[in-house]
Amino acid sequence: MFNDIGPLELVTIVVLAVLVFGPDKLPKVIQDVMRTIRKIREFSESAKADIREELGPEFKDFEFEDLNPKNFVRKHLDSDELGLKEIRNGFDLKKEMAEVTDAVHSRETDSSPSTGTGSAGGRIDMTKKPEDPGKDDRPPFDADAT
């Protein structure tokens, strides 16, 4: 429950508790806090039991931790029904990236000598140009639409 509290923080909390409540009232406050935590846990467990009872027997293996989206996705994607483990194991990102990098570098080295001539040199022109520059491709003007 308190896995992220270090020893220095724990000592600081104890010193603050002694200063705020005093050494006389501190045991009573600790008992009250523990009693409240116990009641909250009991209430939570009874609510979970009521929900399980209302859901019926088809949800007997229902776990409330599965409502956390990370746990839900992890549980359903780690099952071997979809074959995702095989896909994940078959896909090597480093190998794919190395192949893409090699392909890009080999294309650059092949086309680099021809770029000095001033022509496109086998490069693909990605700019949009009309096929017929003299033709007007504007849609007809509709005065009622504006």
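The values are calculated or read from the model by the stated rules, or taken from the named source; none is laboratory data. The structure presented is a predicted model; accordingly, all values stated were derived computationally and were not measured. Glycine also receives a Cβ, built like all others from the backbone with ideal geometry; neighbour counts cover every protein chain displayed. Heavy atoms of the whole protein, side chains included, go into the accessibility calculation; ligands, DNA and RNA do not. Shrake-Rupley method; radii C 1.70, N 1.55, O 1.52, S 1.80 Å.
Maximal additional length on extending the Glu42-Ile5 stretch stands at 10.8 nm, based on 0.36 nm per residue less the C-alpha distance.
Each of Ser106 and Asn89 was given a label point 7 Å from its Cα along the Cα-to-Cβ line. The distance between the two points is 3.0 nm. In the stretch 27-79, the portion of solvent-accessible area held by carbon and sulfur atoms comes to 62 percent [1.4 Å probe, whole percent, DNA, RNA and ligands not counted].
Using the Cβ-Cβ distance between Arg52 and Val29 with R0 set to 35 Å, the FRET efficiency works out to roughly 0.50.
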